[in-house]
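Bear in mind these aren't lab numbers, they're just calculated from the coordinates by the rules spelled out. These figures come from a predicted structure and were not determined experimentally. Here the Cβ positions follow ideal geometry from the backbone for every residue, glycine too, while neighbour counts run over all protein chains shown.
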Amino acid sequence: MSGKEKKAPLLEVRNLHTSFKTDKGEVRAVNGVSFVLEEGKTLGIVGESGSGKSVTAYSIMQILEQNGRIVDGEILFQGEDITHYSAKQMNVFRGQKCAMIFQDPMTSLNPVYTVGNQIVEAIRIHSDKSAAEANEAAIEMLKLVGINDAERRIKQYPHELSGGMRQRVMIAMALASEPWILIADEPTTALDVTIQAQILELMQDLQKKLNMAIIIVTHDLGVIAQMADEIVVMYGGRICERGTADDIFYRPCHEYTKGLLRSIPRADNMKEKLVPIGGNPINLLNLPHGCAFCSRCDEAMKICLEEVPEELRISDTHLASCWMNVKNGTYTEVPGDE
């Protein structure tokens, strides 16, 4: 023992529960989510619509709808719980410590202002730069994200730019105050495959330059195959599996993850028939007593209906919450057991 205190992770989410009050009842969108994000690393959060992945990201930023609230859990930034921050403290956190790229750049950018005005506003809110200095910084940010002729582009309106350029503008706005963490919510939605690859490559290049940590939220496992240091798979507001990209792609241990992999095309076998996941997404107003995925699972057993599976350690880097691992004995321990 050296006697030195262990450094707190950059971001740690512990047992997060987020709900929304509706006329039909309480929608429990996030149910006990926990994960750690280290400096300079990339965490991928994957799941279909309604899995709770975006709500998890919005909970970190505390930008939930008015009927939404964090019911329980902690969100620790360098060991400090930001769920107790004041509005002023959260404004500082959102700009200087953590920034977000939203799903649709066309609707996220204001159509009546030039992209330059919008980037300059983001810079001036979180710095003491003058208007002229902020304008110069905005031009530099556009150059940084790979937009040519930035001096001209900064005077254009969102509708005058292509989808890929608008997404680059969104990245420039998010990086304007040099945040420690970048949350990208479906950053490649509605972009063609070539532009998707460019955006992901850009994010990786900027990460290296700025030593930035990234949380990338997506429904597409293929988007983060080469990018994420760790992948978290969510379903029904819960984490069902987590591990490295190799763990998730080559050694999946949850039936939902296996279903996701069967439903995406493989470059090494384009003739293979895709198999969609059967059934309907879970109703978050009426969560089952057991595994959230059991009603759509071909391998479901009686215990799956009755009890939520514990998270089991498959290897040093790989954990999964599936009763099939108990049945098959494909785990080493339950994390936290003595």
Excluding residues fewer than 8 places away in the same chain, name every one of the aspartates and glutamates whose C-alpha is closer than 13 Å to that of Lys155.
Glu136
Gained length - Asp104 relative to His219, 0.36 nm times residue gap less alpha-carbon distance
40.0 nm
Taking a 30 Å limit on the Cα-Cα distance, which of the listed pairs Lys129/Lys208; Lys209/Lys258; Lys24/Lys327 fall beyond it?
Lys209/Lys258; Lys24/Lys327
Mind running the shape call on the range 149-289? Use the C-alpha gyration tensor, a ≥ b ≥ c as the square roots of the eigenvalues: rounded below 1.5 for a/c, prolate if a/b tops b/c, oblate otherwise.
prolate
Residues Asp247, Asp149, sorted so that the one with the fewest Cβ neighbours within 10 Å comes first
Asp149, Asp247
Enumerate the amide H contacts of Arg238 below 5 Å, restricted to partners 5 or more residues apart or on another chain; note that Pro and chain-start residues carry no placed amide H.
Asn31
Placing +1 on each Lys and Arg Cβ and -1 on each Asp and Glu Cβ in the chain, then taking the dipole about the Cα centre, the residue among Met173, Ile101, Ile154 whose Cα reaches farthest towards the positive end is Ile154
Counting Lys and Arg as +1 and Asp and Glu as -1, each charge on the Cβ, what is the dipole of the chain about the Cα centre in debye, to the nearest 20?
520 debye
Could you tell me the center-to-center distance, by alpha carbons, between the range 93-160 and the range 201-240 in angstrom?
23 Å
Taking H as built 1.01 Å from N, whose amide H comes closer than 5 Å to the amide H of Val217, not counting residues under 5 places away?
Ile45, Ala184, Asp185, Glu186
From the helices alone, meaning DSSP H stretches of at least four residues, give me the mean residue ellipticity at 222 nm for the chain, per-run term -39500 (n - 2.57), in deg cm²/dmol to the nearest 500.
-8500 deg cm²/dmol
Once normalised by the length of the chain, the mean sequence separation of its alpha carbon contacts under 8 Å that are 6 or more apart gives a contact order in percent of 19 percent
So, with +1 on the Cβ of K and R and -1 on the Cβ of D and E, and no other charges, what is the size of the charge dipole of the range 263-338 about its Cα centre, to the nearest 20 debye?
540 debye
Treating only Lys and Arg (+1) and Asp and Glu (-1) as charged, each at its beta carbon, one finds that the range 180-338 has a dipole about its Cα centre, in Debye to the nearest 20, of 460 debye
Most fluctuating residue of Ala174, Ala197, Ala228 in a GNM of the chain with Cα springs under 10 Å: which is it?
Ala197
